[in-house]
1. What single numbered condition from (1) out of contact with any Cys (no Cβ under 8 Å at 6 or more places or on another chain); (2) more than 30 Å from LEU170 (Cβ to Cβ); (3) surrounded by 14 or more Cβ atoms within 10 Å (Cβ to Cβ) fails to hold for ASN88?
2. For segment 687-734, what are the residues that are at pLDDT below 75 and either in a loop (DSSP other than H, G, I, E, B) or among the aliphatic types (A, V, I, L, M) (or both)?
3. Look through segment 294-322, keep the residues that are at pLDDT below 85 and among the polar types (S, T, N, Q), and return whichever of them is farthest from LEU363 (Cα to Cα).
4. β-branched (Val, Ile, Thr), surrounded by 14 or more Cβ atoms within 10 Å (Cβ to Cβ) and under 18 Å from HIS95 (Cα atoms): does that describe THR224?
5. With touching a residue at least 40 places away in the same chain (Cβ under 8 Å), closer than 30 Å to ILE307 by Cα and of a type outside the set (Asp, Glu) as the only criterion, which of SER680, SER704 stands out?
6. What number of residues within segment 618-673 satisfy the criterion of being buried (at least 17 other Cβ atoms within 10 Å of the Cβ), out of contact with any Leu (no Cβ under 9 Å at 6 or more places or on another chain) and among the aliphatic types (A, V, I, L, M)?
7. May I ask you to verify whether ASP568 is within 30 Å of LEU78 (Cβ to Cβ), at pLDDT below 90 and not hydroxyl-bearing (Ser, Thr, Tyr)?
8. Give the residue that is farthest from THR54 (Cα to Cα), with candidates limited to residues of segment 194-222 that are at pLDDT 95 or above and part of a loop (DSSP other than H, G, I, E, B).
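The values are calculated or read from the model by the stated rules, or taken from the named source; none is laboratory data. All values derive from a computational prediction rather than experimental measurement. Glycine also receives a Cβ, built like all others from the backbone with ideal geometry; neighbour counts cover every protein chain displayed.
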Amino acid sequence: MFKNYFKTTLRNMKRYKGYSAINILGLAIGMAICIIILLFVQDELSYDTYHPYTNRIYRIHREWLGSDGSVWGQLCTLAPSFVPLLENEFPQLEHVVRMLSSGQTMVSINTNQFIEERFYFAEDDIFEVLDLPLLAGNPKTALKQPNQVVLSQSMAHKYFGQENALGKQLKVDDRLFQVTGIMRDVPRNSHLHIDFLASFISLKGRWTYYGTDQDFLYGSNNFTDNLCLTYARLAAGADLETLYAKLPDFMDRHLGTRKDNEGNIRRASDYNRLIFMKVPDIHLHSHTSNEYGPNSDIRYVVVFTLIAAFILIIACINFINLSTARSMKRAKEVGMRKVVGASRRELVYQFLGESLIIAFLALIISIVLVYFTMPLFKQFSDRELNFHLFGSFSHLLILLGIFLFSGLAAGLYPAFYLSAIRPTAILQQSRWTSGNLGSILRKILVVFQFAISIALIICVGIVYSQMRYMRNADLGFNTNNIVLLPADQVIYQKWQEVKQALQQHPRIISVSASKRAPTGRLLDSPGFRAQVKGKPVTSTFSMPHNRVDIDFFKTYGMEMIAGRDFSDKFSTDFSEAYIINETAVRRLGFDSPQEAIGAPMEALGLSSYKEGRKGKIIGVVRDFHYESLHNAIVPILTYVLPSSINTVALRLAPGSIEEIMSEVQEIWDRYHPGYPLTYSFLDQRIAALYQNETRMMRMFGVFSILAIFIGCLGLFGLASFMAEQRTKEIGIRKVFGASIQKIIFLLSRDFSKWVLLGNILAWPVSYLTMKGWLENFAYRIPIGIHVFIFSGLLTLIIALITVSYQSIKAAYTHPIDSLRYE
């Protein structure tokens, strides 16, 4: 019987080549897209799952709470003094280790110098927590002593070629480090990428804590500078909830209490807490203010999984619609099989078998499509995926799941529908037609297809509009022709000379420097005191500090709306002057920017000012966006402190950037010989803030277009069949004088109704979905009615264009040919 069913399937496919091609091609494209999306989803879910203690390793975050308990700040790092206390007081924690990013670090060998971005200092038991296997060296001693460093395989090859790097030396900034280990390159699917691991103890004694004798990193009082990535390994069988229950008391004992402006006593646990996040959850669930890499979002995983499911469902709907529409063609076959003894179960098996055979052929084509389109996917998604047909059990499971879902979902209803036909009704040609049930189902499924297509178009339109808004939004400063350069200790020690030399260049319009440049994160918020309308205000909210040089606001083209800018004509501007933004004016309680001018202000937490840096507000700058539009503008306190700068900003005149930067390199070499100059453009850094959204938008758009194409493919086949079914009707109408236009309208009318119903279903769903997505942005577009109207009209046009060929073909058929039909 199987052989007979197989032959029947091939004969049907050969007899109805067009419909078979539509079914197979639609399923193949749907399967291929589904495979690629699921490979992407699998890759997203695979981050940091390679660690040996996957379910027991955590990164510790710190959160700050408002008086109402809401979270107003979160960092993925801790202050250094927390770590030894956590280790000593919580036996549930087997290891707690600190890592410190060194930022842009100059690494030298012989006369070759390189700026490295992935340089970290780590405590010696880091290898007990994270999976960083050493290919050479002893993990127990590799980071035990000062001035030791472990290199990744790539860095060992970069600096030492084929030589054995173990025991060799590298110069890191101004100190020599001995290579004590070579570790395997960190996998791509990691939240943290490391090229160098230097011993944390190398930093002991390098800095003191705010004018005290306490060591900055090893002292017991630094709970303020949240700079250390902190990872913990939980003991086997330990309960995290028990640990959480003890943390408030821990925070209160070590951080004490403080008074708010109303004189109320607030315990430390009332306004901040520690959060333990599993390392495998970081990539999709962690969105703190200082992530060390561009994380993704679990919501994107859900969205793309749904898109994969919808695309496969659309392809299956095409199969179901054509199968039920062609049911009359198969009715006599079913009747004859039942007359000669076939049971309904056998007929169900036959039609399911046909569906599975078609699904299998589609799967073969889809695998070929996946292999050919994978490089294209890499281009528009910036993600390299690997597809191993026989080398990966999970990939085989994906293929098997897609094959079974497609074959069964597409064939299940037609199988039960066709097998239910009564032979007497068919053979008598009197009591059975294709029936209302099949017709109603086809309409429901087509409406569902339209609803999905319309919803996708609406979502793509809103995502595109939001991205365009972010690219073109007024950020409060001029982004054109601004080049940013890193400044290390040597540069800021000679800053005035370097600045003067740069200012003399005829094509450099303005020069300044700062601790934080726009697009950076505003993480420095050590506190403040102010007088507002005669009343003292002390750190009642977070106000990040930015330490700058004179001409900072001028270089970036920021507008002063009250008071004046910093000026070297006033010597007190270097020690007593403050500029705040409009948001700070409102949060402090001033009635207007002008009222803030002259108000006493004091920055706390500066190492060179034990009691605080006392001064007054000299100006108010118009609000501008330091960070991305995901974040609301926050109060900012800006003051001149050149000793803290780490980023130089140059505003250039239009012209050859390469020529100007080669001359800047010459100036750099004069004051910092051999230092390899790196630079970036401000507008490119702004674009990089939305890199993840841009990538997701591209993927979303491409998959949506393909989903619409698959829907149109099925619509084309259905329109063709419906025109064929109404051939005699069309002939009779033409004989009685119906015009070609009326015939085309007649055949297209039903599809227009389906588009309207699809809009009714799609609009509320897409509105609620995109409303939730836009809430990720502090600054966002309003959702206007125009995008819904446009999507509805676009879908209608696409549908009419799709069916117009068959409609026009049927309308132009000669009446004699139509009446001779059958």
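1. Among (1) out of contact with any Cys (no Cβ under 8 Å at 6 or more places or on another chain); (2) more than 30 Å from LEU170 (Cβ to Cβ); (3) surrounded by 14 or more Cβ atoms within 10 Å (Cβ to Cβ), the lone unmet condition for ASN88 is (3).
2. Taking segment 687-734 and keeping what is at pLDDT below 75, we get 714-734.
Residues satisfying the conditions are LEU715, LEU718, ALA719, MET722, ALA723, ARG726, ILE730, ILE732.
3. That would be ASN321.
4. Numbers: β-branched (Val, Ile, Thr): yes; surrounded by 14 or more Cβ atoms within 10 Å (Cβ to Cβ): yes; under 18 Å from HIS95 (Cα atoms): no.
No: the conditions fail for THR224.
5. On the way: SER680 fails: closer than 30 Å to ILE307 by Cα.
Matching residue, one of SER680, SER704: SER704.
6. 8
7. On the way: within 30 Å of LEU78 (Cβ to Cβ): no; at pLDDT below 90: yes; not hydroxyl-bearing (Ser, Thr, Tyr): yes.
It is false that ASP568 is within 30 Å of LEU78 (Cβ to Cβ), at pLDDT below 90 and not hydroxyl-bearing (Ser, Thr, Tyr).
8. It comes out as ASP195.
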